[in-house]
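The values are calculated or read from the model by the stated rules, or taken from the named source; none is laboratory data. These numbers come from a predicted model, not from an experiment. A quick note on method: Cβ atoms are made from the backbone with ideal geometry, for glycine too, and the neighbour counts reach across all protein chains shown. All accessible areas refer to the heavy atoms of the entire protein, side chains included, with ligands and DNA or RNA removed. Shrake-Rupley method; radii C 1.70, N 1.55, O 1.52, S 1.80 Å.
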Amino acid sequence: MADQYILTEVEGSVAVLTLNRPDVLNALNIPLMDQLIETMERLDGDPAVRCMVLTGNRKAFAAGADIKEMAEASVVDMYERNNLARWQRIQRVRKPIIAAVSGFCLGGGCELAMHCDMIIAAESAQFGQPEINIGVIPGAGGTQRLSKVVGKYRAMELILTGRFFGAKEAYEMGLATRVVPTEVYLEEAVSLAKEIAERSPMAVRFAKETVLKAFESPLSEGLDYERKMFYMLFGTEDQKEGMKAFMEKRKAEYTGK
Ligand code: CAA
């Protein structure tokens, strides 16, 4: 059997995906990324799953793209492989993805976390875009996403020096959603995923899509989009159930219809 680089466990309506190359701090080689993308797309199409958690292990979420795999590559090799273009498929996953980060979260690892919708950081988490130290720059969205999250002046310093920064700093800069004790970082992420999974799946997906729109369009376009998505939800049974349950002072039961 091929190496299993992604371990998947489904708990109720939450799927936990674990990056599994512990010997190399979960360095993201091409087979691992292929497995990750295929797994995410499969779970995105599985109606039993409503939210995903992506994690590594205590020592490393991921220490970046696999340096050994690309060290000798030429421009033509890199251009032909075009491996990083595949990551756009993660961006198209419609269900929410929560990154549960402990230990090293560097380079492509940090970029992978930034492809997720929320980042739960253990106190032990170490973030960074250290590509500059090996003669390259971030290639999976780091220059763009980090700048949008932390602003130009902080992103410049982080990307031009490659320095690592801890969970507290990541939280203060708006990169981490929460910082939690290392012992419970995965439980916290799963518990947040379960909370989201109790909401109307259509409303959750529309909410994700509409928030992401804020990063890609002018305000007027985003507001227009939001309004349309809001109106569209009135075509779902879940909207009727949600509002009825409110009026009847009971908990809503959402079916995803
Ligand atoms: N690629 C390949 N292998 C890696 C790796 C990576 N990104 N990061 C760590 N490893 C391997 C090491 O080579 C080592 O393997 P061996 O035992 O076979 O030598 C093993 O993982 C353990 O690593 P270290 O011995 O280096 O562990 P450490 O605790 O001393 O240091 C570290 C940890 C500071 C994270 C260090 O491993 C490191 O600096 N790693 C590279 C970080 C980096 O530069 N990431 C960016 C990669 S480029 C990128 O991601 C491009 C992009 O934007 C897509």
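Take peptides 96-102, 74-80, 51-57 and line them up by average Cβ neighbours within 10 Å, highest first, as a rough protection proxy.
Per-residue Cβ counts within 10 Å, averaged per peptide and sorted highest first, yield 96-102, 51-57, 74-80.
For the pair Met78/Lys228, report the inter-label distance in nm, with labels modelled 7 Å from Cα in the Cβ direction.
Rounded to a tenth, the inter-label distance reads 3.8 nm.
Of Gly109, Gly174, Gly64, which has the largest mean-square fluctuation in a 10 Å C-alpha GNM of the chain?
Of Gly109, Gly174, Gly64, the Gaussian network model singles out Gly174 as fluctuating most.
Name the lysines eligible as straight-distance cross-link partners of Lys249: C-alpha to C-alpha under 20 Å, and not fewer than 8 places from it in the same chain.
Within reach: Lys240.
Please give, to one decimal in nm, the separation of the simple spin-label points placed at Arg42 and Glu183, each 7 Å out from Cα toward the Cβ.
3.5
Be a star and scan segment 22-63 for residues whose amide nitrogen sits under 15 Å from the point 7 Å along the Cα-to-Cβ vector of Glu69.
Those under the cut-off are 22-39, 62-63.
Just the accessible area per residue of the chain, please: how many Å² with a 1.4 Å probe?
I get 54 Å² per residue for this part.
Taking all protein chains as present, what is the carbon and sulfur share of the accessible area of the chain, in % to the nearest whole number, probe 1.4 Å?
The computed percentage sits at 57.
Ignoring everything except DSSP H segments at least 4 long, calculate the 222 nm mean residue ellipticity for the chain; use -39,500 (n - 2.57) per segment, divide by total residues, nearest 500.
-13000 deg cm²/dmol
Excluding residues on the same chain fewer than 8 positions from Lys152, give the aspartates and glutamates whose Cα lies under 20 Å from its Cα.
Reachable aspartates and glutamates: Glu111, Glu131, Glu169, Glu172, Glu216.
Compute the signed sum of charges (Lys and Arg +1, Asp and Glu -1) over the other residues within less than 12 Å, Cβ to Cβ, of Glu195.
+1
Within segment 124-174, which GluC sites (Glu not before Pro) sit in a loop by DSSP and count at most 11 neighbouring Cβ atoms inside 10 Å?
Answer by residue number: there is no such site.
Applying the Karplus parametrisation 6.51 cos²θ - 1.76 cosθ + 1.60 with θ = phi - 60° to the phi angles of segment 106-115, what ³J(HN,Hα) value in whole Hz is obtained for each residue in order, glycine and proline being reported as x?
Those phi angles translate into 10, x, x, x, 5, 5, 5, 4, 6, 6 Hz.
Set the Förster distance to 45 Å, then compute FRET efficiency between Glu248 and Tyr153 from the Cβ-Cβ distance, nearest 0.05.
For Glu248 and Tyr153, the calculated efficiency is 0.30.
Kindly write out, for segment 74-85 in residue order, the coupling ³J(HN,Hα) from the Karplus curve 6.51 cos²θ - 1.76 cosθ + 1.60 (θ = phi - 60°), rounded to whole Hz, with x marking Gly and Pro.
Per-residue couplings from phi come out as 8, 4, 4, 4, 5, 5, 5, 5, 6, 4, 6, 5 Hz.
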